[in-house]
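Asker: For reference, the structure I am asking about is given below.
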Amino acid sequence: MAGNIWVLAEHWRGRLSDLTPELLTLGREIADGLGAGTKLEAVLLGHGAQGLAAGLAADGVISIDHAALAEPNPEASCLALAALIEQQKPRAVLVPLSNVAADLFGLLPARLTVSLVNFCRDLRAVDGRLEALCVLYGGKLEATVAISGAPAIIGVLPGSRPASAAPASAPPVTEVTVELPADLRVRFETYVDPEPGDVDVTQQDVLVSVGRGIQTQDNIALAEELAEALGGAVSASRPVIDQGWLPLTRQVGKSGATVKPKLYLAAGISGAPEHVEGMKGAALIVAVNTDPHAPIFSVAHYGYAGDVLEFLPALTAAVKARKK
Amino acid sequence: MNILVLMKMVPDIVEELEIAPDGKSLDVEAVRPIVSERDDHALEQALLLKDKSGGTVTVLAIESRDVDEVLFTALAKGADRAIKVAAGEAIFTAAEAAALLARVLPAVPNLMPVQLVVTGCQAIDDLDGVVAPALAERLKLPYLGIVTGVEAEADGSRAIVFKEYAGGTRGRYSVCLPAVLGVQAAPKPPRYVPVAKVRAAMKSRTLECVEAPAQEERSLLEIVSMTKPQAAGRAEMLEGSPEEVASKVAEILSSRGLA
Ligand SMILES: Cc1cc2nc3c(=O)[nH]c(=O)nc-3n(C[C@H](O)[C@H](O)[C@H](O)COP(=O)(O)OP(=O)(O)OC[C@H]3O[C@@H](n4cnc5c(N)ncnc54)[C@H](O)[C@@H]3O)c2cc1C
Ligand SMILES: Nc1ncnc2c1ncn2[C@@H]1O[C@H](COP(=O)(O)O)[C@@H](O)[C@H]1O
């Protein structure tokens, strides 16, 4: 099966996403693993975004420039990428699993009537075949998956590989023109940025982060007390925000903030990939969860299989006792 | 606006998940099914639109264990109709589910066309695709996912749809109706309905059942094996009473100048 390895060069509001250079590292490995002259190509969809091509560590960049691609538009990007794929027949397309590319990786395989390989954490070329390791059920199980057919559309989670370094010299860019309908059914209008919050969770040295395991809004006071004793702030996982218990600006993860505090104490958080991508860079991670198999324990440095409602006040007391 | 909400059951991952004897699938007998969390938000979004500007809300699910209670709960919350699709086979890949839904929807009496199909977005069990965009492709409707708010435009031909990006930023889109939307979170937490009202719905309301013929849908993915994640970078687990562990943690923090 011939065909090159493509990486969707994802960018948003003028910047390449952090995931793109990770995917380029992975893509390079796969292209080398398949051998036989397989190239790594980055695909850049946008409008006036060609300047980003110079930062892509690939053998070549295929660029489609169209006004409808100026901001994320799943309808436009799916039509453009599907046309390009049909024309050039890549072996596999690595797409970042991010909110920006999300609709595209849902639509594209359906349009091409191929399977999506979702939640991919690792990918290998084995005897000319592709094999993926995929994370299911919020990180509780993993599946090893053999992929047949081409193109394989592979949705890759953050953290699959270290980011590639910027290339020494800019890769060659090929401009491709595609026709898109003038009357797209999905139209981007504008961005709505959030009101600045009371605390900026990205600027804290200590975050006491609460998840669904905190159970009630009232119990968040237990985390507030600990955060106060440690001179930090309270952040949260998505369900806590969705319940309206804390403002959106406190959310950590894919749709929220990416944080790198000196201490991240995860209290009643299961450790779903969408949460972990926002906090895995913390210097010290302590997790408390009643479930000893919770995925959070594989990113934490220290863990306690116990009840947060008992642990939080106990730690607050222990911290205060040390200060005396 | 007439709205269709699609709902599905997923394993409750707070429970332990077991791998079936074949070594490559989930032991479905051992799981506790719950409705996919995002579907509750999809239903809430649909009910908010109905509260504001009228219309009907229909919920539809493929038959599976414990799904009746989910459908009756939706009726108790304010849905007008609840439809259960009997499909023979119990488990579906995303591609199968999308194909089946695309075939069954036109066959439901007095349902289509609706102005909006809302689904939850990204359930935790998707390996081979995402159902809502695949369904949209098959129905030839536009799709937008990771949606956190929907407002109908006055003339009913388009909707204003908010889509979530990182750091709390949202994109505002205008989407031509009818459309399929994958809802990430409703603008308000899903409404609560007391058990007594659900019981009352079970007595006074009925689920409409429709048959869907079985089908062949080829997947290009083959699960070779399923495993529990290896405990590679596993945390050092601290043992003891909450107080004992708290004092160990306080000591660790203090040694790093954090407490
Ligand atoms: C596109 C997309 C974007 C997303 N973005 C984000 C994001 O930005 N941030 C985010 O967090 N999530 C995000 N999610 C959601 C994510 O997939 C998970 O659903 C979410 O992180 C789960 O939050 P949780 O761990 O608090 O809840 P759960 O997964 O329900 O876990 C609760 C945990 O609490 C434990 N527990 C229960 N009681 C106790 C107790 N008394 N003491 C101790 N532990 C207890 C349980 O064992 C369980 O492990 C996103 C999902 C999607 C699809
Ligand atoms: N078998 C199904 N029956 C009904 N709705 C479904 C089914 N599969 C998926 N859906 C809908 O599509 C959403 C997204 O599913 P998924 O693509 O599996 O993440 C679900 O939350 C449901 O709203």
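Asker: Where residues in the range A:87-125 are open to solvent by 10 Å² or more (accessible area, probe 1.4 Å) and in a strand (DSSP E or B), which of them is farthest from the other protein chains (Cβ to nearest Cβ)?
Answerer: A:A125
Asker: Counting only residues that are part of a strand (DSSP E or B) and either near ligand 1 (Cβ under 10 Å from one of its atoms) or of a type in the set (D, E, K, R) (or both), how many does the range A:208-250 have? I'd like the intermediate steps shown before the answer.
Answerer: Of all residues in the range A:208-250, those part of a strand (DSSP E or B) come to A:208-210, A:233-236.
Still in the running and either near ligand 1 (Cβ under 10 Å from one of its atoms) or of a type in the set (D, E, K, R) (or both): A:209-210, A:235-236.
Within the range A:208-250, residues that are part of a strand (DSSP E or B) and either near ligand 1 (Cβ under 10 Å from one of its atoms) or of a type in the set (D, E, K, R) (or both) number 4.
Asker: Can you tell me which residue is nearest to the other protein chains (Cβ to nearest Cβ) among those in the range A:126-141 that are surrounded by fewer than 23 Cβ atoms within 10 Å (Cβ to Cβ) and at pLDDT 95 or above?
Answerer: A:E131
Asker: Among the residues of the range B:91-123, which ones are part of a loop (DSSP other than H, G, I, E, B) and near ligand 2 (Cβ under 8 Å from one of its atoms)? Steps first, please.
Answerer: Taking the range B:91-123 and keeping what is part of a loop (DSSP other than H, G, I, E, B), we get B:91-93, B:108-115, B:121-123.
Across the range B:91-123, the qualifying residues are B:F92, B:C121, B:Q122, B:A123.
Asker: Right, here's the next one. If I ask for residues that are more than 10 Å from chain A (Cβ to nearest Cβ) and within 16 Å of ligand 1 (Cβ to nearest atom), which ones from the range B:13-37 would you list?
Answerer: B:R32, B:P33, B:I34, B:V35, B:S36, listed by residue number.
Asker: When the residues of the range B:41-59 are narrowed to those that are more than 14 Å from chain A (Cβ to nearest Cβ) and buried (at least 24 other Cβ atoms within 10 Å of the Cβ), which ends up farthest from ligand 2 (Cβ to nearest atom)?
Answerer: The extreme case among them is B:V57.
Asker: So, one more: Which residue, of B:L135, B:L111, B:L141, B:L101, is over 16 Å from the mean Cα position of the chain (by Cα), more than 16 Å from ligand 1 (Cβ to nearest atom) and under 21 Å from B:C209 (Cα atoms)?
Answerer: On inspection, the qualifying residue turns out to be B:L111.
Asker: Ok, one more. Can you tell me which residue in the range A:284-304 is nearest to ligand 1 (Cβ to nearest atom), limited to those that are facing chain B (nearest Cβ under 7 Å), open to solvent by 50 Å² or more (accessible area, probe 1.4 Å) and not polar (S, T, N, Q)?
Answerer: If we take residues in the range A:284-304 being facing chain B (nearest Cβ under 7 Å), open to solvent by 50 Å² or more (accessible area, probe 1.4 Å) and not polar (S, T, N, Q), then A:H293 is nearest to ligand 1 (Cβ to nearest atom).
Asker: Tell me, which residue of the range A:177-207 that is more than 11 Å from chain B (Cβ to nearest Cβ) and not in a loop (DSSP other than H, G, I, E, B) is surrounded by the fewest Cβ atoms within 10 Å (Cβ to Cβ)?
Answerer: A:Q203
Asker: Among the residues of the range B:158-197, count how many are in a strand (DSSP E or B), touching a Cys at 6+ places or on another chain (Cβ under 7 Å) and open to solvent by less than 30 Å² (accessible area, probe 1.4 Å).
Answerer: First, pick out the residues of the range B:158-197 that are in a strand (DSSP E or B): B:158-164, B:170-176, B:179-183.
From what's left, touching a Cys at 6+ places or on another chain (Cβ under 7 Å): B:158, B:182-183.
Filter once more, so that each one left must be open to solvent by less than 30 Å² (accessible area, probe 1.4 Å): B:182-183.
So the count comes out to 2.
Asker: Could you list, in sequence order, the residues of the range A:127-145 that are part of a strand (DSSP E or B) and among the hydroxyl-bearing types (S, T, Y)?
Answerer: If we filter the range A:127-145 for residues that are part of a strand (DSSP E or B), which is where we start, we get A:129-136, A:141-145.
The one that is part of a strand (DSSP E or B) and among the hydroxyl-bearing types (S, T, Y): A:T144.
The values are calculated or read from the model by the stated rules, or taken from the named source; none is laboratory data. What you are looking at is a predicted structure, and each value in this text was computed from that prediction instead of being measured. Because the Cβ atoms are built from the backbone with ideal geometry, glycine has one as well, and the counts that use them run over all protein chains shown. Calculation scope for accessible area: heavy atoms of the full protein, side chains included, ligands and nucleic acids excluded. Shrake-Rupley method; radii C 1.70, N 1.55, O 1.52, S 1.80 Å.
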